[in-house]
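Reading through the structure tokens given below for one structure.
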Number of protein chains: 2
Amino acid sequence: MKRLQWSRLDSVARREALRRPAQVTAEDTRVAVGALLEQVRTGGDDAVRALTARFDGVDLEAVEVTGAEFAAAQEAVSASLRAAIDAAAGRIEAFHLAGMTQPYAVDTAPGVRCERILRPIRRVGLYVPAGSAPLPSTALMLGVPARLAGCPEPVMCTPPRKDGSADPAVLVAAARCGIRRVFKVGGVQAIAAMAFGTASIPACDKLFGPGNAWVTEAKRQVSMAEGGAAIDMPAGPSEVLVIADAGAPAEFVAADLLSQAEHGPDSQVILVSNDEDLLDRVAVAIGEQLAELPRSAIARQALADSPMIRVDSLEDAIAISNEYAPEHLILALRDARAWLPRVQAAGSVFLGDWSPEALGDYCSGTNHVLPTGGAARCTGGLNVSSFQVAITVQEVDRRGLQAIGPCAVELANAEGLGAHARAVSVRLDAA
Amino acid sequence: MKRLQWSRLDSVARREALRRPAQVTAEDTRVAVGALLEQVRTGGDDAVRALTARFDGVDLEAVEVTGAEFAAAQEAVSASLRAAIDAAAGRIEAFHLAGMTQPYAVDTAPGVRCERILRPIRRVGLYVPAGSAPLPSTALMLGVPARLAGCPEPVMCTPPRKDGSADPAVLVAAARCGIRRVFKVGGVQAIAAMAFGTASIPACDKLFGPGNAWVTEAKRQVSMAEGGAAIDMPAGPSEVLVIADAGAPAEFVAADLLSQAEHGPDSQVILVSNDEDLLDRVAVAIGEQLAELPRSAIARQALADSPMIRVDSLEDAIAISNEYAPEHLILALRDARAWLPRVQAAGSVFLGDWSPEALGDYCSGTNHVLPTGGAARCTGGLNVSSFQVAITVQEVDRRGLQAIGPCAVELANAEGLGAHARAVSVRLDAA
């Protein structure tokens, strides 16, 4: 990691230190993704099959997971992994359930009842990637809130393995969330199929889930296409910013930085501390731990350009974090809770030495689909309301119309909208 | 309006009847908007001034509204309009306040506390258009939730009038919402200035508000630009779908259809009824009322292609509405409340004969910035949470780590993420 001393940097250098690599999709990727989308849109299941053969190297007659395959998956997964999936699902449910948006009603004037009601999004499409490994945790993070929202027809796509099967842990997780329709389709062809529909795969109103640059570009394109689908959020490379003080165990901090770094060479990892010695100790610990990691080559690449920033005070550290707006923020501080009120923008925050990000990734209960690329300045992560539509309602009686009608007429006239005024006054005359 | 008999249409004709005109931005508009954005991004205030001279026909030395101008606006607005603005703001506050997302905390396991906390978006930019007329109501619909969210630095842009002043009613509405920084800048230049910042106008994290096709395209482009801004939602032409039964007063239904139609020639207006006679009576009433409307030419254009759909049953009518997902849905039914549970997708619903859409546009309390173009299948209108960031938090102690740590290790290993497992196990070893 690169060492930086914040107080010695001018504003340009500071901006540069926190600048994320531009997520510009190469023109040829854009064009290639567009062509693949079109291929599936017009070719349907045949195109999906052809692209699955081409990209996943497997020829599938039917892409939908059968009941027998679901049953076999339960057998194929170890009892301990099944128990972990179930326990994680339970905690994710508990947290998401408690935060659900509620319907409500208010009388804003006598005879004027205003309400908010909630409906599940009818057709949601969940994408569970399996790049370097399958991700049952992502199946839970998408499937649990979809279930709590009451989505009637959730559909999941996940890439097939070389033998033509779906990852059994992903199927166990899907089943735990009540998802019965899983398709062994990955990549751009999965996004296309769920956005436009094929004979086998239903068209969806909204698509969810992370993915590589191609999947992300495909989601972007279908979200803008006529007759396409809405999307949850653009997913950039994963990020962590750790603020550690002198008392933070260097071994823990190093492990947290590495767990982010192993995601991919483009992972964003930032360590900020007011203690020079802590930075030294973390650097040493990273070196020691790297040697033992299976994905050390990836982590090494990610860390090469990552900054360790020495600040004069923890106030400066928080200011840096608020400016950067990280996906994950770890406060490895002696009084982490006391600093929380100053956090203005982050996806998910981890307080103290015993709250590693990995717990949030899997099983604390919070969602791991979080805003990246600075989007945490404006938006939070997935939650049940991401799978719902909020509808407002007003029910006005004669008395209510008499109470607020003249106000509407006054404003409509000020805006030069005579028919608006008339829609009210014609009723005032009759009331 | 065109008469259609739903039972006689095949599925293609049905789809055609509900198809919205494609909102395709012409390539030359896209390019022109892009060039204007770039002009402001590089030229700052000078570019804003030049474009204001060009598009608004007024030369402004300084674009920010002064305290003296705010004071003068209070004088310039009639007492009755000031009272209407104040009363509308009060009801909008009452409704939005009651629906605010709340922070919460759940212990998902002993020693595992998960929370959601909320923060205002720091810099929000509100756009209040003034195409055919200024829109103080839009200033309220954006300003009230921004204030309730606690946004510390709200900024508003609205086009200058020919004499270089801002519309006084818009300023009165802005002041009512505590907005002190208003800029007399409109169109693409306003969106560019708020997205990228100039010496006078602060860069914003998220932009809100409706606008014409150019403003909408500008919002779309800055939302995708490196260093741009997030946006609330794409705004298409306004829409109403009215479901009326035999008992609906034709005069009211006609007035509601016309109040939507006067927005613009591209307004979407649909009437669905199970009663042939009602459709006849509404057609006659529209003819009578059109003659008296100031904006009758616009309304006439909008209505020319709008369908009146005869259905066999109200069940069919609701199904049509759910498929179309209108921005506004009026249930002009004898038992409107009983039909509400069947409504699956709509921006805002108006129940019964005494709840014209115009009340929701101005002062019932609900927000009038609503999803168009079918987006109501997946998203609701503006609310306080549109101006907030929800952040999740977890605080785990040793006991909590021991309780859920092994679950995370199991899942991390299943996903082949060794450093994730290690970030937990290194702590389990130490706990």
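Residues in the range A:109-147 that are surrounded by fewer than 24 Cβ atoms within 10 Å (Cβ to Cβ), touching a Ser or Thr at 6+ places or on another chain (Cβ under 9 Å) and of a type outside the set (D, E, K, R): A:A109, A:I117, A:L118, A:P129, A:A130. For the range A:336-345, check the following and say yes or no: at least one residue is of a type in the set (K, R) and either in a helix (DSSP H, G or I) or not assigned by TED's automatic domain parsing to the domain that holds A:D277 (or both). Yes. Exactly one residue among B:L340, B:L382, B:L333 is within 30 Å of A:D429 (Cβ to Cβ), of a type outside the set (D, E, K, R) and within 23 Å of the chain's Cα centre (by Cα), and that residue is B:L340.
Condition test on B:E292, is it farther than 18 Å from B:Q268 by Cβ, assigned to a loop (DSSP other than H, G, I, E, B) and out of contact with any Cys (no Cβ under 6 Å at 6 or more places or on another chain)? Answer is yes for this residue. Listed conditions (1) within 7 Å of another protein chain (Cβ to nearest Cβ); (2) at pLDDT 95 or above; (3) not in a strand (DSSP E or B) are all met by B:G416, apart from (2).
Can you tell which of B:T216, B:T158, B:T198 is over 27 Å from B:V384 (Cβ atoms) and either out of contact with any His (no Cβ under 7 Å at 6 or more places or on another chain) or surrounded by fewer than 23 Cβ atoms within 10 Å (Cβ to Cβ) (or both)? Working first, answer last.
Numbers: B:T216 fails: over 27 Å from B:V384 (Cβ atoms); B:T158 fails: over 27 Å from B:V384 (Cβ atoms).
Just one listed residue meets the conditions, B:T198.
The criterion of being closer than 29 Å to A:S132 by Cα, touching a Gly at 6+ places or on another chain (Cβ under 6 Å) and β-branched (V, I, T) holds for A:V222.
For the range B:15-67, the set of residues classified as of a type in the set (A, V, I, L, M, F, W, C) and in a loop (DSSP other than H, G, I, E, B) consists of B:A22, B:V24, B:A26, B:V58, B:L60, B:A62, B:V63, B:V65, listed by residue number. Regarding the range B:156-172, can at least one residue be identified that is in contact with a Pro (Cβ under 7 Å, 6 or more places away or on another chain), within 11 Å of chain A (Cβ to nearest Cβ) and acidic (D, E)? Yes, there is a match, as at least one residue in the range B:156-172 is in contact with a Pro (Cβ under 7 Å, 6 or more places away or on another chain), within 11 Å of chain A (Cβ to nearest Cβ) and acidic (D, E). Please work out if B:V242 is of a type in the set (V, I, T), under 28 Å from B:S132 (Cα atoms), more than 23 Å from the chain's Cα centre (by Cα) and within 14 Å of another protein chain (Cβ to nearest Cβ). Here the answer is no, as B:V242 does not meet what is asked. With respect to the conditions (1) touching a helix residue (DSSP H, G or I) at 6+ places or on another chain (Cβ under 6 Å); (2) within 11 Å of chain B (Cβ to nearest Cβ), A:R281 falls short on a single one, namely (2).
Got at least one residue in the range A:370-379 being touching a helix residue (DSSP H, G or I) at 6+ places or on another chain (Cβ under 8 Å), at pLDDT 95 or above and either facing chain B (nearest Cβ under 7 Å) or more than 29 Å from B:S355 (Cβ to Cβ) (or both)? Taking every residue of the range A:370-379 in turn, at least one turns out to be touching a helix residue (DSSP H, G or I) at 6+ places or on another chain (Cβ under 8 Å), at pLDDT 95 or above and either facing chain B (nearest Cβ under 7 Å) or more than 29 Å from B:S355 (Cβ to Cβ) (or both).
Entry remark, the range A:348-366: residues being at the interface with chain B (Cβ under 7 Å from one of its Cβ atoms), on the phi < 0 side of the Ramachandran plot and part of a loop (DSSP other than H, G, I, E, B) number 6 in total. Kindly establish whether A:A299 is of a type outside the set (D, E, K, R), farther than 17 Å from B:D107 by Cα and at the interface with chain B (Cβ under 7 Å from one of its Cβ atoms). Answer is yes for this residue.
Every residue, every condition in (1) among the acidic types (D, E); (2) touching a residue at least 40 places away in the same chain (Cβ under 8 Å), yes or no:
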{"position": "B:V222", "(1), (2)": "no, yes"}
{"position": "B:G228", "(1), (2)": "no, no"}
{"position": "B:G236", "(1), (2)": "no, yes"}
{"position": "B:E239", "(1), (2)": "yes, yes"}
{"position": "B:A248", "(1), (2)": "no, yes"}
{"position": "B:A254", "(1), (2)": "no, no"}
{"position": "B:A261", "(1), (2)": "no, yes"}
{"position": "B:S267", "(1), (2)": "no, no"}
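Within the range B:66-101, the residues that satisfy the criterion of being among the β-branched types (V, I, T) and more than 25 Å from the chain's Cα centre (by Cα) are B:T66, B:V77.
Filtered by the rule that a residue be without any contact (Cβ under 8 Å) to a residue 60 or more places away in the chain and surrounded by 19 or more Cβ atoms within 10 Å (Cβ to Cβ), the range B:323-338 gives B:A325, B:A336. Just one residue in the set A:L351, A:L428 is touching a Gly at 6+ places or on another chain (Cβ under 7 Å) and hydrophobic (A, V, I, L, M, F, W, C); that residue is A:L428.
Within the range A:342-363, is there a residue that is among the hydrophobic types (A, V, I, L, M, F, W, C) and more than 30 Å from B:R398 (Cβ to Cβ)? Talk me through it step by step, then tell me what you get.
Residues of the range A:342-363 that are among the hydrophobic types (A, V, I, L, M, F, W, C), as a first pass: A:343, A:345-346, A:349-351, A:354, A:358-359, A:363.
This time we only want the ones that are more than 30 Å from B:R398 (Cβ to Cβ), so: none.
No, the range A:342-363 has no match at all.
Here is the figure for the range B:72-107: residues that are of a type outside the set (G, A, S), in a loop (DSSP other than H, G, I, E, B) and over 19 Å from B:F387 (Cα atoms) total 1. Within the range A:389-399, the residues that satisfy the criterion of being facing chain B (nearest Cβ under 7 Å) and either surrounded by fewer than 24 Cβ atoms within 10 Å (Cβ to Cβ) or within 19 Å of A:I320 (Cβ to Cβ) (or both) are A:A390, A:E395, A:D397, A:R398. Restricting attention to the range A:324-375, the residues being touching a Leu at 6+ places or on another chain (Cβ under 6 Å) and over 28 Å from A:A89 (Cα atoms) number 2.
Counting only residues that are out of contact with any Lys or Arg (no Cβ under 7 Å at 6 or more places or on another chain) and closer than 30 Å to B:S313 by Cα, how many does the range B:5-40 have?
Initial filter on the range B:5-40 (out of contact with any Lys or Arg (no Cβ under 7 Å at 6 or more places or on another chain)): B:7-40.
Imposing the further condition that a residue be closer than 30 Å to B:S313 by Cα reduces the set to B:7-22.
Qualifying residue count for the region: 16.
Among the conditions (1) in a loop (DSSP other than H, G, I, E, B); (2) among the charged types (D, E, K, R); (3) under 24 Å from B:A375 (Cβ atoms), the only one that A:R147 does not satisfy is (1).
Residue-wise test of (1) among the hydrophobic types (A, V, I, L, M, F, W, C); (2) out of contact with any Phe, Trp or Tyr (no Cβ under 8 Å at 6 or more places or on another chain); (3) farther than 25 Å from A:P265 by Cα; (4) surrounded by fewer than 18 Cβ atoms within 10 Å (Cβ to Cβ).
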| residue | (1), (2), (3), (4) |
| --- | --- |
| A:A13 | yes, yes, no, yes |
| A:A26 | yes, yes, no, yes |
| A:R30 | no, yes, no, yes |
| A:D45 | no, yes, yes, yes |
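Regarding B:A248, is this residue modelled with pLDDT of 95 or more, surrounded by fewer than 20 Cβ atoms within 10 Å (Cβ to Cβ) and either acidic (D, E) or in the same structural domain as B:N322 (by TED's automatic domain parsing) (or both)? Write out each step before concluding.
Working: modelled with pLDDT of 95 or more: yes; surrounded by fewer than 20 Cβ atoms within 10 Å (Cβ to Cβ): no; either acidic (D, E) or in the same structural domain as B:N322 (by TED's automatic domain parsing) (or both): yes.
Against the criterion (modelled with pLDDT of 95 or more, surrounded by fewer than 20 Cβ atoms within 10 Å (Cβ to Cβ) and either acidic (D, E) or in the same structural domain as B:N322 (by TED's automatic domain parsing) (or both)), B:A248 does not qualify.
Applying the set (1) more than 8 Å from chain A (Cβ to nearest Cβ); (2) part of a strand (DSSP E or B) to B:S386 leaves exactly one unmet item: (2).
If only residues of the range A:282-305 that are within 30 Å of A:Q344 (Cβ to Cβ) and surrounded by fewer than 19 Cβ atoms within 10 Å (Cβ to Cβ) are counted, the one that is modelled with the lowest pLDDT is A:D305.
The values are calculated or read from the model by the stated rules, or taken from the named source; none is laboratory data. All figures in this text were calculated on a predicted structure; none of them were measured in a lab. Every residue, glycine among them, receives a Cβ derived from its backbone with ideal geometry; neighbour counts consider all protein chains shown.
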